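Novice: Submitted below is the structure of interest, expressed as structure tokens.
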Amino acid sequence: MNIPLRLLLLFFSVFCLSQTVMHAQKASQSPPAELRGAWVATVANIDFPSRPGLSSAEIKTEFDSLLDILKAMNMNAVFVQIRPAGDAFYKSKTVPLSKFLVGRQGAMLDDSLFDPLEYMIKSAHNRRIEFHAWLNPYRATFDPDISALDSLHPLRSLPDRRKAEWFYRYGRKWYFNPASSAVRQYLTNVVRDIVQRYDVDGIHFDDYFYPYKEKDLNLDDALDDYDAFASGDHEFTDIGDWRRNNINL
């Protein structure tokens, strides 16, 4: 079958036009910039700082070196863990400095005017790298010994009656109880304080759930929340569904 040349040209033109339109649509849907980020874990000094108790000058040097590596890798964002376990990598009147930063929770830095978070944000922005604050909202401690906690920590400062509402121990860690409205308000205040005082580019939650099941341990035995579930104003008939919903409140 012979197809006229002009008809072939018409088909070819329509095909090229359709490809051009599809390419333009894809281009218009593309974000203005690609996010290329890296996570920096501070818990147990996994990534930064190299050890607790560094001087302010050493902290600056280590973080700048880390940023230089990320910049060389063409990264444009960094996600730094600033609240690993009910503590802070920033100056606060309500949250103690992390033991992974200063060695003993609540201890002072050698330079009382130095704010690690303020410096890290400025250093990242100077390199045109976004700074995102990474928080673990529900992990209250990294080990079971609450005697080592600073007096600012709610596990030390709250009366026993309120501690029972706010916290529970599961395995070797203490956790904030998501079922408590007081806990939710406390954590909201922590985040509000950060975004109001620091030029962060984002807030990111990690471990934003009840803890993973540990071998030979039952979460129901650790959590004294059945009465709250049974008496609460909600539509849930399964305590697991109720707990999952607590995360979203």
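The values are calculated or read from the model by the stated rules, or taken from the named source; none is laboratory data. All values derive from a computational prediction rather than experimental measurement. Backbone-built Cβ (ideal geometry, glycine too); neighbour counts: all protein chains shown.
Novice: Would you pick out the residues in the range 32-53 that are surrounded by 12 or more Cβ atoms within 10 Å (Cβ to Cβ) and without any contact (Cβ under 8 Å) to a residue 24 or more places away in the chain?
Specialist: I46, D47
Novice: Exactly one of these conditions fails for S112: (1) out of contact with any Asp or Glu (no Cβ under 7 Å at 6 or more places or on another chain); (2) part of a helix (DSSP H, G or I). Give me its number.
Specialist: (2)
Novice: Sort through I129, I146 and tell me the only one that's more than 29 Å from R36 (Cβ to Cβ), of a type outside the set (S, T, N, Q) and in contact with a helix residue (DSSP H, G or I) (Cβ under 8 Å, 6 or more places away or on another chain).
Specialist: Values: I129 fails: more than 29 Å from R36 (Cβ to Cβ).
From the options I129, I146, the qualifying one is I146.
Novice: Given the criteria part of a helix (DSSP H, G or I), at pLDDT 95 or above, in contact with an Asp or Glu (Cβ under 9 Å, 6 or more places away or on another chain) and among the polar types (S, T, N, Q), does S123 qualify?
Specialist: Details: part of a helix (DSSP H, G or I): yes; at pLDDT 95 or above: yes; in contact with an Asp or Glu (Cβ under 9 Å, 6 or more places away or on another chain): yes; among the polar types (S, T, N, Q): yes.
It is true that S123 is part of a helix (DSSP H, G or I), at pLDDT 95 or above, in contact with an Asp or Glu (Cβ under 9 Å, 6 or more places away or on another chain) and among the polar types (S, T, N, Q).
Novice: Here is a follow-up. So which of L97, L149, L67 is farther than 30 Å from S181 by Cβ and either modelled with pLDDT of 95 or more or touching a His at 6+ places or on another chain (Cβ under 6 Å) (or both)? Steps first, answer last, please.
Specialist: Working: L97 fails: farther than 30 Å from S181 by Cβ; L149 fails: farther than 30 Å from S181 by Cβ.
Within the list L97, L149, L67, the selection yields L67.
Novice: Something else now. Within the range 29-47, can one find any residue that is modelled with pLDDT under 95 and either in a helix (DSSP H, G or I) or of a type in the set (S, T, N, Q) (or both)?
Specialist: Yes, that holds for at least one residue.
Novice: When you go through Y168, Y210 one by one, which is the residue that is buried (at least 18 other Cβ atoms within 10 Å of the Cβ), at pLDDT 95 or above and of a type in the set (S, T, Y)?
Specialist: Y168
Novice: State all residues of the range 119-148 that are under 17 Å from E62 (Cβ atoms) and of a type in the set (D, E, K, R); if no residue qualifies, say none.
Specialist: Quick first cut of the range 119-148, residues under 17 Å from E62 (Cβ atoms) only: 119-124, 126-127, 129, 131.
Correct list: K122, R127.
Novice: Related question: Could you run through the range 64-83 and say how many residues are among the polar types (S, T, N, Q) and assigned to a strand (DSSP E or B)?
Specialist: Step one: filter the range 64-83 for residues among the polar types (S, T, N, Q), giving 65, 74, 76, 81.
Okay, now just the ones that are also assigned to a strand (DSSP E or B), so 81.
Qualifying residue count, the range 64-83: 1.
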